[in-house]
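Okay, so here's the structure we're looking at.
The values are calculated or read from the model by the stated rules, or taken from the named source; none is laboratory data. Since the structure is predicted, the reported quantities are computational estimates derived from the model, not experimental observations. Here Cβ is always computed from backbone atoms with ideal geometry, including for glycine, and neighbour counts include all displayed protein chains. Each accessible area value is taken on the protein alone, full model and side chains, heavy atoms only, with ligands, DNA and RNA left out. Shrake-Rupley method; radii C 1.70, N 1.55, O 1.52, S 1.80 Å.
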Amino acid sequence: MENIQKSFIYGINGPVVTVKNAPWLKMLEMVYVGEEKLIGEVIAVHGDDTIIQVYEETSGLKIGEEVISSGELMSIMLGPGLIGNIYDGIGRPLKQVEKESGAFISRGISADAIDKEQIFKIDILVNAGDVLSGGAIVAETVETSLIKHKIMLPPNISGEAVEVRESGEFKCSDWLVKVRLENGEIYEVCAIQKWPIRTPRPYIRREKISKPLITGQRIVDVLFPLAKGGTAAIPGGFGTGKTMTQHQLAKWSDAEIIIYIGCGERGNEMTQVLEEFTGLTDPKSGEPLMNRTLLIANTSNMPVAAREASIYTGITIAEYYRDMGYNVAIMADSTSRWAEALREISGRLEEMPAEEGFPAYLSSRLSEFYERAGFVTNLNNTQGSVTIIGAVSPQGGDFSEPVTQNTKRFIRCFWGLDKSLAYARHYPAINWHTSYSEYIDDLSQWYEANVDKDFLKLRGEIVRILQEENSLMEIVKLIGADVLPEDQKLTLEIARVIRVGFLQQNAYHANDTYVPIIKQYEMLKIILKLYKKCKSLVELEGISVSQLSKTGIFDRVIKMKYDISNDELEKFKAVGEEIDKLEF
Amino acid sequence: MELQYIGLKDISGAIVIAEGFKDVAYDEIVRIILDDNSERIGRVIEITEEFAVIQIFEGTKGISLENCRLCPTGRPLMLPLSKEILGRKFDGVGRPMDGLGEIYYEKKMDINGKPMNPVSRRYPNSFIQTGISAIDGLMTLIRGQKLPIFSGNGLPHDNLAVQIAAQAKIAEDDNAEFGIVFAAMGVKHDVANYFISEFEKTGAISRSVMFINTSSDPVVERILTPRCALTAAEYLAFEHNMHVLVIMTDITSYCEALREVSASKQEIPSRKGYPGYLYSDLATLYERAGMIDTSKGSITQIPILTMPNDDITHPIPDLTGYITEGQIVLDRALSQKNIYPPISVLPSLSRLMKDGIGEGYTLKEHPEVSNQLFSSYAKVQDVRALASVIGEDELSDIDKLYIKFGAEFERSFVGQGRHENRSIEESIEKAWEILGMLPESELDRISPDTLKAHSSKAENIS
């Protein structure tokens, strides 16, 4: 670059740096700040002043140091080698950072997301003379044992392939295909492309939501299912198990790629995910889970501006893999920290605050983020999806605060975590009264075709019993359970079986941490069979609920989640027979 | 020759504005020399080409627009460190206050520290025995954890912290040394003295480092106190492989100092007037707990905070709970029943516990027993609520058992003496004893195998 455009620092206030008289700086352009070349981004221009947020600690910066323009929007490098790695909020690989600065992260480290020198065995899939449109798949390579990486034309490039390499081993930065663009220029396609993190990657069209994201968690799959390409929020005060729930979903959901964003959360948690996921194996393929997982870590003591960017870095990577035809799920833990980062920067800019000091654009930023989820047909005619699961940490556990309320407007699946359930160590502490899923109707066809025709009917029964329990509990709280008539006592007892034996799930039990949908269905059937049988015994033969309890049948059903392992579904028959045999 | 600037433009609270003072860096420490040659320290909190905003730690009393000179030091606040700091007492910004002279330092470290790379962290999973049944059994402390005590004014949190410091023992002994770093922020003189005298009594003083900012010391210094303490802790843990327990009290005073400074900078407040960056700021303290690959040492934090009006949803306990790995909540009602330590079991939690207990760490049955205690005690609360409406006499037989169980649990499991040190085996045995009050059918969190193993063990003994 012959004329690098330089400007000079005029003012510093926390992560916000001001420069004067630099009209060439574009909004959202990436810049290098100061002698240490800290990475920053232009976030506002007011007359002569250009305002930059810096993604690293600014202590030690001085007035008059240089600010160098990069000419590009804030971008991330995309290509093979991303999966299985851990990055900071702006996409620097933390393992590389460790090599350069040791156990504590220093400033001004420049490390690309992808090692350009890394060699992959690449199969070229196009021939010279092919006319390629934006997003076309030109080559593929094995990225991990679980992921085939498709090398694509960047979405904004199209033309005729004029020169094509033979399949073989290449460095990430080697050209693979040369394309003649419309204007006659030659574009070299390599395994790496760049994409600005705040711009959604294009697709042909959105498809109708039709497939569930099976998570192996009973309360989710049965009561509040999430769709591939859908959006969900998990709000909960501290200690209610948000992170635990997110981890369970990251481990067991049937997405092909998981992107886990630790946004302003604990450092030890990221270490835990790294260690645990390397040791655990994927239930379908038997390969290490880390081979389909990518982590983005901006722990709560890392620079706040990078926290704001981490969400966008994550979703851009997700869209990139979606373009290859994968189903990608993003876990963002926690979006509240992201919103607080927005608030902090906004405060430094002295913008007019709206509710609780959050900027007025909080809701539009949230909607921009959640709207990047979807089930789409890609530019290359494959289909893929991005599913977003955002944790929300409401202040004081109060769901009426701005982040929870604004998030609720843009998601369609709400898993509200409940303090009292968590106190009783009922996990996942998803409250079945406050939670909802709008995807039930979209997914009904899938459930009918792939599980059973009466699945939704059974689900409805369960919901009804839980509702009834709720209203009965109002009475019990006032006068005790003893005065209820026997049939209502039975409802309470069955509701207990549902709560303890079905909704409560033990993440540390080998048989219970992940449950296939078919087993979930069998469990539902058994519970409702028990209900039907007991009901007839109580109503027709006048048997009391305490007599029924004495047979131990309720506990037998509750324990079936532990007794029957995931591949012994035939054992449900024996439980069913025991229920049939109940006699007095 | 040293650069000096004369003349201020504005003084407000602890903050001064100096015009044309631009040869300093953001966050740099500046010496302020008054006419009478007394010296104060300040920090640059904002600069532009035209002016610099400086926060003076000792306050602006006696400063006029003209009577002081500003000297940049060229770096952020550095703490001089060597192993000599053990057994010493420092003020809130790390100056010796015990009259034993300056530290001959081996190295100086920036008190702001640097974030730990998650890749370099070691995941904490070694159990620390505190000798307190409620903590060891139900919210186990793990080496490298940050586990705050949520308390209220007048509750015995200081006694509890001292007891933990005196009794803490690591199960596997790897010959590493122990150290205690104590940071007092805005505490009463009596409280500071209590800690000092208790540490002296137990002999812990020789392996502890104390940083003390009492409530009459300058407010701005309070913001630096925990940072000095944690820097000392990092030095001892990661340069000298020590296991360091950091006790910080009172986080509430720290946050109030932050609010005061934020208000004087005229920043836009968020909840209850606290600055919007309270979360990030607290995280820069709490996240300094942990262990790294390259060192055998560890930093375990026990921050103490007094919840204003006992309100756990107040921003300070709330944001703390989101960062720390659990919390120990003290309860006034229990304290009034004369139960010590008055730990309110249900809202208390240790997030790292699951990976540090059970076979190979504590006892095989520990996870099940602790789960059962939580769930049975939660049931006790329901029964008590019911009893308060319909009267205890009307309760069913099983509910009456629960009432008894609850009382006994609080009295003999949670409650213990101020110097009583129970081993984990004793604590679990106690738990079995109390659970024995309930019929076996109520123990739904304990597997039949564990129950069988326990009853046969009990028979063998008798």
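Structure notes:
- For region A:235-292, with all protein chains in place and a probe radius of 1.4 Å, 53% of the accessible heavy-atom surface sits on carbon or sulfur.
- Spin-label pair B:D382-A:A360: with each label point 7 Å from Cα along the Cα-Cβ axis, the two points sit 4.9 nm from one another.
- Square roots of 5 times each gyration tensor eigenvalue, C-alpha, region B:366-461, largest first, Å: 25, 18, 11
- Chain A has equivalent-ellipsoid semi-axes of 50, 29, 19 Å, by the square roots of 5 times the alpha carbon gyration tensor eigenvalues, sorted largest first.
- Segment A:D398-A:Y508, extension gain: residue separation times 0.36 nm, minus the distance between their alpha carbons: 36.7 nm
- Extension gain, A:Q5-A:S367: 0.36 nm per intervening residue step, less the Cα-Cα distance, totals 126.8 nm.
- FRET efficiency, A:Q405 to A:N470 (Cβ-Cβ, R0 35 Å, nearest 0.05): 0.90
- Of the trypsin sites (Lys or Arg not before Pro) found in region B:357-462, those that fall in a DSSP loop while having at most 16 other beta-carbon atoms within 10 Å are B:K364, B:R418.
- Evaluated on chain B, the Kirkwood hydrodynamic radius is 24.1 Å, with distances taken between all distinct Cα atoms.
- Backbone N within region A:131-169 under 19 Å of label point (7 Å from A:K99 Cα along the Cβ vector): A:144
- P(r) tail fraction, the protein assembly as shown - alpha-carbon pairs more than 60 Å apart, %: 13 percent
- For region B:79-355: Kirkwood Rh in Å [reciprocal of mean 1/r, alpha carbons]: 18.7 Å
- The C-alpha atoms of region A:144-252 occupy a region whose extents along the principal axes are 58, 31, 26 Å, arranged from largest to smallest.
- In the context of the full set of protein chains, chain B has a per residue accessible area of 38 Å² (1.4 Å probe).
- Spin-label model distance (nm) - A:S133 vs A:V45, 7 Å beyond Cα toward Cβ: 3.4 nm
- Relative packing of A:536-547, B:276-287, which averages over residues the other C-beta atoms within 10 Å, highest first: B:276-287, A:536-547
- For B:320-333, mean number of other protein chain Cβ atoms within 10 Å: 3
- DSSP beta bridges in region B:221-343 [antiparallel fraction, %, rounded to 5]: 30 percent
- Cα principal axis extents for region B:5-76, largest first, Å: 28, 21, 20
- Think of a 1.4 Å ball rolled over the protein heavy atoms: chain A then has 37 Å² of accessible area per residue.
- Region A:116-175 versus region B:55-96: alpha-carbon centroid distance in Å: 59 Å
- For region B:433-450, a reduction of at least 40 Å² in accessible area between the chain on its own and the assembled protein chains (probe 1.4 Å) is found at B:D444, B:R445.
- Remark on region A:298-427: ratio of C-alpha radius of gyration to 2.2 N^0.38 Å is 1.16.
- Rounded tilt (10° steps) of A:242-252 against the dominant C-alpha axis of chain A: 90 degrees
- Pairs of Cα atoms nearer than 8 Å and 6+ residues apart set the relative contact order; for region B:5-76 it is 42 percent.
- Spin-label zone in region A:506-536 - amide nitrogen under 20 Å from a point set 7 Å from the Cα of A:A574 along the C-beta vector: A:510-512, A:516, A:519-530
- Average Cα contact separation per residue, chain A, under 8 Å, 6 or more apart, as relative contact order %: 13 percent
- In degrees, nearest ten, helix A:267-279 long axis to first principal axis of chain A (Cα): 70 degrees
- Once the C-beta distance of A:T278 and A:K148 is scaled by a Förster radius of 22 Å, the resulting FRET efficiency is 0.60 to the nearest 0.05.
- Full-extension gain in nm, A:N156 to A:R180, via 0.36 nm per residue minus C-alpha separation: 7.3 nm
- Cα coordinate range in region A:353-460, projected on the principal axes (Å, largest first): 49, 46, 19
- Drop in accessible area of at least 20 Å² in the complex versus isolated chain, residues of region B:85-120, 1.4 Å probe: B:K114, B:P115, B:M116, B:N117, B:P118, B:V119, B:S120
- Accessible surface of region B:79-355 [probe 1.4 Å, protein heavy atoms]: carbon and sulfur percent: 48 percent
- Our summary gives chain B a relative contact order of 16 percent, counting only alpha carbon pairs under 8 angstrom and 6 or more residues apart.
- Inverse of mean 1/r across different Cα pairs in region A:541-584, Kirkwood, Å: 11.5 Å
- Solvent-accessible area buried by pairing B with A, both sides, nearest 100 square angstrom, 1.4 angstrom probe: 5900 Å²
- Legend: calculated FRET efficiency, B:K61 to B:K83, from the Cβ-Cβ distance at R0 = 35 Å, rounded to 0.05, equals 0.45.
- When the residues B:R121, A:R180 are ordered by accessible surface, computed with a 1.4 Å probe over the protein chains alone, the sequence from largest down reads A:R180, B:R121.
- Residues along region B:249-287 losing 30 Å² or more of accessible surface when the other protein chains are present rather than the chain by itself (probe 1.4 Å): B:I268, B:S270, B:R271, B:G276, B:Y277, B:Y279, B:S280, B:E287
- With the simple spin-label model, which puts each label point 7 Å out from Cα in the Cβ direction, the B:K337 to A:L28 separation comes to 5.8 nm.
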